[in-house]
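The values are calculated or read from the model by the stated rules, or taken from the named source; none is laboratory data. Treat the numbers as computed from the prediction; the structure is a model and nothing was measured. Every residue, glycine among them, receives a Cβ derived from its backbone with ideal geometry; neighbour counts consider all protein chains shown. What goes into the accessible areas is simple: the full protein's heavy atoms, side chains included, and nothing from ligands, DNA or RNA. Shrake-Rupley method; radii C 1.70, N 1.55, O 1.52, S 1.80 Å.
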Amino acid sequence: MNFIGAKPEVVLKSVFGYDSFRLLQKEIISNVLAKKDTLAIMPTGGGKSLCYQIPALIFEGLTVVVSPLISLMQDQVAALNAAGVNAVFLNSTVEWEDYKDSMNSIRRGETKIVYVAPETLVTPKINDLLHDSRVTVSCITVDEAHCVSEWGHDFRPDYLEISALRNQFKDAVFLALTATATLSVREDIIKNLRLQNPAVLVSSFDRPNIYLDVRQKNHNALDQVVECIKRHTDESGIIYCFSKRQVDELTEQLDSLGYSVLNYHAGLTDEVRADHQTKFIRDQVQIMVATLAFGMGIDKPNVRFVIHYDMPKSLEQYYQEIGRAGRDGLPSEALLLYSAGDIRKIRYFFEEAADKTRCENLLQGMLSYATGRTCRRKLLLSYFGETFKGKNERCCDLCDAGPIPEMDMTIPCQKIMSCIIRTGSRFGAAYVIDVLLGSRVKRILENGHNMLSTWGIGRELDKNQWHEVVNLLIEKNFITKYGDYNILLLTNDGLAALKNRDKITLPFNMPKTKASTTNDLRAGETFTPKYHASVGSAGGIMFPKPEKKKSAWSQVSSQQNAPKEGFVLHKKEVDFGDDAEAKRIQTDLKKWRRRKAEEMNVPPYVIFGDRTLNDISAKKPRTEAALFDVNGLGEKKVEKFGMDILQIVGEE
């Protein structure tokens with residue numbers, strides 16, 4: 001069927017089988033169809049691919065998709081072909097005869113979408129193909145666009161070559177897509193791709209179907225991993241480790257326990273990595289234990305759990321990796337295990353970094369998330385500049401455990417906010433906290449901040465606890481972060497609270513204290529920042545000192561309980577209740593889907609995903625017309641698989 005000039009809603013239903021758009025899909029597609037360059041930031045699993053696939057079918061010419069991974073190209077092309085869309089990929093894995101056939105198909109105008117790697121894009125063959133007089137390039141889509149930015153967590157120099165296409169194809173619209181991008185990364189994408197007055201559309205970063213669980217790693221972390229796997233029997237999962245050695249060790253341990261598991265890291269040959277990845281994608285193995293080299297671009301919608309065996313180095317990396325769970329929108333879990341040893345390992349590699357300060361700031365963001373004591377979804381979204389507006393009822397381990405009682409934190413809050421002002425509102429949390437703790441590091445001494453009235457007055461809390469206070473004040477909108485270095489600034493609310501000496505309560509577990517004297521302020525000191533009333537003086541605000549202080553690690557550990565039984569996001573299947581027929585259809589469809597996928601040599605989700613499978617089981621369609629009411633079944637799939645589905649549904 002020819003969709004040139006058709007309405008996006010028609011293509012959405014006829015080809016992909018969906019009744020409505022989600023998130024920002026419709027707005028992005030409208031911009032692309034209007035030939036307006038667009039940068040779209042959408043969460044993993046948010047439906048980014050439809051934002052260029054639908055315009056590609058409506059445009060008369062060719063859509064070029066620049067993608068960083070061969071596996072992603074293969075999966076996308078297989079899924080499009082199954083839906084009746086003529087798409088190809090051109091890379092080093094394609095045999096020359098097939099390569100030529102695909103290029104000729106493009107020249108004849110038969111192919112609507114071509115996927116290429118950034119390295120392939122600049123080769124003479126592709127350059128000649130795209131400039132062939134018979135080929136009209138209508139759209140150039142850059143997937144994983146954060147790779148073009150040196151501020152991004154996965155910078156790839158080859159992406160910088162893409163910008164040359166902007167002048168070569170002036171009539172083509174550019175669409176840049178990514179799941180995570182800070183303000184600086186967005187600016188880099190626009191600049192380095194030479195986007196022309198682009199629309200910048202940022203979707204919600206919230207993934208409400210992912211349960212967020214964080215626990216301190218105990219002496220036998222393997223037990224914690226197995227506990228999570230048992231909640232997801234026969235379901236796909238990814239376990240991320242810091243090192244190749246840890247990957248191999250954990251893989252061996254799980255294998256010895258009888259789990260279906262393989263490893264993936266840079267120490268394996270290309271052939272072994274490709275084989276392991278294919279088996280995981282095609283549900284031939286349940287669990288992949290991997291370094292961060294695995295996962296970007298993996299279009300596998302039925303990953304039900306992601307475990308971080310070690311702490312990631314940044315929240316950007318963490319968010320990208322947990323986004324590989326539940327891409328189909330069904331209940332999934334993200335478990336983070338962390339320890340003080342993880343932090344030492346990460347900081348060790350800072351020595352080789354060009355910008356150690358930025359690395360430390362990224363790590364502190366990760367630490368604030370791991371050691372926080374308020375809703376983790378709120379913490380995660382606030383990091384990306386988004387306010388969580390939904391209900392945080394039982395969406396993470398902390399919400400599941402119930403609220404932490406608020407306590408009077410007025411004095412510590414006054415200290416940190418005053419120190420921000422005293423240091424000129426020019427530094428990030430790590431620096432301000434070092435001043436509070438009385439650090440004599442070179443930078444503080446050079447700036448003369450060891451002479452400030454706030455220097456050394458914060459020793460009642462440790463460094464991790466102070467970071468938590470900062471995080472809680474950000475949630476309360478008393479403090480905000482600015483720029484790539486997360487400079488701390490007081491908001492109007494924060495300035496007012498400081499000036500008026502307002503009482504500030506926070507959900508914080510303060511260690512036991514005893515009364516102290518004003519000597520804690522440094523004897524005889526008068527503390528009167530010009531922006532607000534005095535916070536302390538010889539007249540006597542009492543700053544408490546701890547009698548015996550536990551580390552933030554041990555305090556948080558006591559709160560990390562397993563999710564309560566019956567939590568909705570841990571349910572493995574759609575609850576069909578007493579509907580035995582629906583359960584039978586679901587089981588039989590899974591078996592049929594696996595056999596059909598093996599026949600077609602594609603992953604099972606290319607046939608259709610779990611959401612479609614569950615919808616069929618619930619609706620029990622008996623006619624071909626009824627199949628079109630199933631989520632995810634378009635015309636081509638009904639034509640191709642309809643009779644088999646109806647036969648399975650009709651069996652008694």
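Which of the residues belonging to the range 617-629 are of a type outside the set (Gly, Ala, Ser) and either closer than 19 Å to PRO331 by Cβ or not in a helix (DSSP H, G or I) (or both)? LYS620, PRO621, ARG622, THR623, PHE628, ASP629 - these are the residues of the range 617-629 that are of a type outside the set (Gly, Ala, Ser) and either closer than 19 Å to PRO331 by Cβ or not in a helix (DSSP H, G or I) (or both).
Of everything listed in (1) at pLDDT 95 or above; (2) over 23 Å from SER339 (Cβ atoms); (3) crowded, with 17+ Cβ neighbours inside 10 Å, the single unmet condition for LEU250 is (2). Among residues of the range 20-40 being open to solvent by 80 Å² or more (accessible area, probe 1.4 Å), touching a residue at least 24 places away in the same chain (Cβ under 8 Å) and under 24 Å from ILE210 (Cα atoms), the one that is farthest from the chain's Cα centre (by Cα) is ARG22. The criterion of at least 1 residues that are more than 29 Å from the chain's Cα centre (by Cα) is met, among helices (runs of 4 or more DSSP H) falling completely within the range 385-495, by 410-422, 429-436, 442-447. For the subset of the range 163-185 comprising residues that are within 26 Å of LEU381 (Cα to Cα) and assigned to a loop (DSSP other than H, G, I, E, B), which member is most open to solvent (accessible area, probe 1.4 Å)? Out of the qualifying residues, it is THR182. Of the listed requirements (1) farther than 30 Å from GLY258 by Cα; (2) surrounded by fewer than 17 Cβ atoms within 10 Å (Cβ to Cβ); (3) among the acidic types (Asp, Glu), ASP188 misses just one: (2).
Across the range 577-591, the number of residues qualifying as open to solvent by 20 Å² or more (accessible area, probe 1.4 Å) and more than 20 Å from GLY326 (Cβ to Cβ) comes to 10. Can you confirm whether the range 105-117 contains a residue that is out of contact with any Gly (no Cβ under 6 Å at 6 or more places or on another chain) and farther than 26 Å from LEU50 by Cβ? Yes, because at least one residue in the range 105-117 is out of contact with any Gly (no Cβ under 6 Å at 6 or more places or on another chain) and farther than 26 Å from LEU50 by Cβ. For the range 228-242, filtered to residues that are in contact with a Lys or Arg (Cβ under 8 Å, 6 or more places away or on another chain) and under 15 Å from HIS308 (Cβ atoms), the residue that is surrounded by the fewest Cβ atoms within 10 Å (Cβ to Cβ) is PHE242. For the range 155-162, the count of residues that are outside any loop (DSSP other than H, G, I, E, B), among the hydrophobic types (A, V, I, L, M, F, W, C) and surrounded by fewer than 24 Cβ atoms within 10 Å (Cβ to Cβ) is nonzero.
Yes/no matrix, rows are residues, columns are (1) closer than 15 Å to VAL142 by Cα; (2) of a type in the set (Gly, Ala, Ser):
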| position | (1), (2) |
| --- | --- |
| GLU27 | no, no |
| LEU33 | no, no |
| PRO55 | yes, no |
| THR63 | yes, no |
| ILE70 | yes, no |
| GLN74 | no, no |
| ALA79 | no, yes |
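All conditions but one from (1) modelled with pLDDT under 95; (2) under 32 Å from the mean Cα position of the chain (by Cα); (3) outside any loop (DSSP other than H, G, I, E, B) apply to GLU599; the one that does not is (2). When GLU249 is tested against the conditions (1) within 24 Å of the chain's Cα centre (by Cα); (2) more than 27 Å from VAL602 (Cβ to Cβ); (3) charged (D, E, K, R), the lone failure is (1). Within the range 222-241, residues that are outside any helix (DSSP H, G or I) sit with their Cβ atoms under 7 Å from residues that are open to solvent by 50 Å² or more (accessible area, probe 1.4 Å) and at pLDDT below 95, at 6+ positions apart or across chains, in these pairs: HIS232/LYS572; GLU235/LYS572; TYR240/LEU292.
Of all residues in the range 630-652, those being part of a helix (DSSP H, G or I) and either of a type in the set (Gly, Ala, Ser) or surrounded by 14 or more Cβ atoms within 10 Å (Cβ to Cβ) (or both) number 13. Taken over the range 204-221, residues that are part of a strand (DSSP E or B), open to solvent by 40 Å² or more (accessible area, probe 1.4 Å) and either more than 22 Å from GLU333 (Cα to Cα) or out of contact with any Ser or Thr (no Cβ under 9 Å at 6 or more places or on another chain) (or both) amount to 0. Among the residues here, GLY438 does not qualify as without any contact (Cβ under 8 Å) to a residue 12 or more places away in the chain and open to solvent by less than 30 Å² (accessible area, probe 1.4 Å). Inside the range 191-203, residues that are closer than 11 Å to ALA40 by Cα and either open to solvent by less than 40 Å² (accessible area, probe 1.4 Å) or in contact with a Leu (Cβ under 6 Å, 6 or more places away or on another chain) (or both) make up a count of 5.
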